[in-house]
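Structure first, then comments.
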Amino acid sequence: MYERLLDKSIIPNEATIAEHIGPESRRRLNDFENDLRSNHLLSRELKFPFGNNYGWGYKYSHRSAHLCYVFFEKGAFTVTLRIGDKHVPLIEDILPSMLPKTKDLWRDRYPCGEHGGWIHYRILTDNEVGDVVKLVKIRKKPVA
């Protein structure tokens, strides 16, 4: 159902991306980007990382610090980010106030390091955007 843009030979443009993810997801992606921009010196690159199963997406960075990837899906998008061991106490502090989905994704994360891990968060609602922004802020504190 959530098909990704998996043809590496066809570089998607903004119109193709918007059509693929749909108007609601496009609005959510704009909200996500605007929030990142208001908190970080944001750069965005169109990439085809991690092999053929992930497809096209945006890599978001703050200066040279990687923040997350967003992968385009039919009717949605997925944010992929890593929470390192040093950030685990911060996520555990805010986790009680987050959505059940966020808690489940953290519990079921793909391990990385002793306690950290990778989260693949498919954004389907406005509230989920807020939780993912909080996760990104854990990775990299907002610029004052």
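The values are calculated or read from the model by the stated rules, or taken from the named source; none is laboratory data. Here the structure is a predicted model, which means the values were calculated and not measured. So basically every Cβ, Gly included, is an ideal-geometry build from the backbone, and we count neighbours across all protein chains shown.
One residue stands out among those in the range 85-107 that are touching a residue at least 24 places away in the same chain (Cβ under 8 Å) and in contact with a helix residue (DSSP H, G or I) (Cβ under 8 Å, 6 or more places away or on another chain): the one that is nearest to Ala65 (Cα to Cα), which is His87. Of the residues making up the range 27-68, those that are basic (Lys, Arg) and touching a strand residue (DSSP E or B) at 6+ places or on another chain (Cβ under 9 Å) are Arg28, Arg44, Lys47, Lys59, Arg63.
Here the condition is being out of contact with any Cys (no Cβ under 9 Å at 6 or more places or on another chain), small (Gly, Ala, Ser) and closer than 24 Å to Pro12 by Cβ; of Gly117, Gly51, Gly113, it holds for Gly51 alone. Within the span defined as the range 118-129, every residue fails to be in contact with a strand residue (DSSP E or B) (Cβ under 7 Å, 6 or more places away or on another chain), surrounded by fewer than 14 Cβ atoms within 10 Å (Cβ to Cβ) and more than 22 Å from Leu5 (Cα to Cα). Take the conditions (1) in contact (Cβ under 8 Å) with a residue 24 or more places away in the chain; (2) of a type in the set (A, V, I, L, M, F, W, C); (3) closer than 21 Å to Glu3 by Cβ; Leu81 misses just one of them, which is (3). Restricting the range 58-75 to residues that are among the small types (Gly, Ala, Ser) and at negative phi leaves a set whose member that is surrounded by the fewest Cβ atoms within 10 Å (Cβ to Cβ) is Ser64.
Close contacts from the range 125-142, counting a first residue that is in contact (Cβ under 8 Å) with a residue 40 or more places away in the chain and a second that is among the acidic types (Asp, Glu) and crowded, with 17+ Cβ neighbours inside 10 Å, with Cβ to Cβ under 7 Å and a gap of 6+ residues or different chains, come to Val133/Asp35.
Number of residues in the range 43-76 that are in contact (Cβ under 8 Å) with a residue 24 or more places away in the chain and closer than 17 Å to Lys134 by Cα: the value is 6.
Here Ile91 does not fit the description of being surrounded by 16 or more Cβ atoms within 10 Å (Cβ to Cβ), within 22 Å of Arg63 (Cβ to Cβ), among the hydrophobic types (A, V, I, L, M, F, W, C) and over 12 Å from the mean Cα position of the chain (by Cα). In the range 28-48, the condition of being surrounded by fewer than 20 Cβ atoms within 10 Å (Cβ to Cβ), of a type in the set (Phe, Trp, Tyr), at pLDDT 95 or above and closer than 28 Å to Arg107 by Cα is met by at least one residue.
Tell me yes or no: at least one residue of the range 97-119 is touching a Lys or Arg at 6+ places or on another chain (Cβ under 7 Å) and assigned to a helix (DSSP H, G or I). For the range 97-119, residues touching a Lys or Arg at 6+ places or on another chain (Cβ under 7 Å) and assigned to a helix (DSSP H, G or I): absent. Only residues that are over 19 Å from Asn30 (Cβ atoms) and out of contact with any strand residue (DSSP E or B) (no Cβ under 7 Å at 6 or more places or on another chain) were counted in the range 69-83, giving 0.
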